[in-house]
Amino acid sequence: MDRKDFIKSCGFACFGSIGLAAVLQSCFTTNLLSGKIEGDNLVVPVTDFETKNGPNVFFKKYVVFQNDILQYPICIYRLNEHEYTALWMRCTHQGTELQVFGDKLQCPAHGSEFDRRGGIQNGPADIKLRTFPVTVENGQLKISLKAV
Ligand code: FES
């Protein structure tokens, strides 16, 4: 392989990596579209966590709900069939909106990280995330938004 072929190969590998990263990013970025606010509750169908591939059903780790009424989005994690957590995506350090990366919420401002239950994994934040009570009834999650 001469120098020119080597540079071409590196260029294709680089573009391939960027394309793969974009595809993976789109797979993990999920917005919740069908949740709605009813009174003091955010109501989300459990089926919003499902993705189907032929006869197989898979479950998303989380969905994010965003609404003009709320100042920050809410990230809802599916821990198992019966257990979910709902986290206010506001960093407890200085209030920056958090970003979701798989099982973690990260703060782009100073790097704080939180787990799926809102616990602190890395500072400088020293207070866990605000959580909302979640109940599961008739195939729907009811997330109490009282005092948001
Ligand atoms: S505002 Fe999030 S770590 Fe500072």
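The values are calculated or read from the model by the stated rules, or taken from the named source; none is laboratory data. These numbers come from a predicted model, not from an experiment. All Cβ positions, glycine included, derive from the backbone under ideal geometry; neighbour counts span all protein chains shown. Quick note on the areas: whole protein, heavy atoms, side chains included, nothing else; ligands and nucleic acids left out. Shrake-Rupley method; radii C 1.70, N 1.55, O 1.52, S 1.80 Å.
Taking K and R as +1 and D and E as -1, what net charge do the other residues with C-beta under 11 Å from the C-beta of residue 77 add up to?
It works out to a net charge of +3.
Could you pull the accessible area for residue 69 with a 1.4 Å probe, rounded to 10 Å²?
130 Å²
Search the structure for amide H atoms under 5 Å from the amide H of residue 111, placed 1.01 Å from N in the peptide plane, and list their residues when 5 or more places away or on another chain.
Amide H neighbours of residue 111: none.
What ³J(HN,Hα) values, in whole Hz, does the Karplus curve 6.51 cos²θ - 1.76 cosθ + 1.60 give for the stretch 132-144 when θ = phi - 60°, with x put for Gly and Pro?
Working through the residues one at a time gives 10, x, 10, 10, 10, 9, 6, x, 10, 8, 10, 10, 6 Hz.
What order do 110, 93, 82 take when sorted by accessible area (1.4 Å probe), most exposed first?
My answer, sorted largest first, is 82, 110, 93.
Say the cut-off is 23 Å between C-alpha atoms; which of 60/142; 61/142; 36/61; 52/146; 104/146 go over it? It would help to have the intermediate numbers written out before the result.
On the way: 60/142 18 Å; 61/142 18 Å; 36/61 20 Å; 52/146 34 Å; 104/146 25 Å.
Check vs 23 Å cut-off fails for 52/146; 104/146.
Once you charge only the Cβ atoms, +1 for Lys and Arg and -1 for Asp and Glu, what is the size of the charge dipole of the stretch 43-134 about its Cα centre, to the nearest 20 debye? Mind dumping the intermediate values first?
Details: 10 positive and 10 negative charges, 14 e Å.
Taking the Cα centre of the stretch 43-134 as origin, the dipole is about 60 debye.
Short version: ³J(HN,Hα) in whole Hz for each residue of the stretch 86-101, in order, from phi by Karplus 6.51 cos²θ - 1.76 cosθ + 1.60 (θ = phi - 60°), x for Gly and Pro, what are they?
10, 10, 6, 8, 10, 4, 7, 6, 9, x, 6, 5, 7, 10, 9, 9
Per residue and in cubic angstrom, what volume does the convex hull of the Cα atoms of the stretch 46-118 have?
Per residue, the Cα convex hull of the stretch 46-118 comes to 99 Å³.
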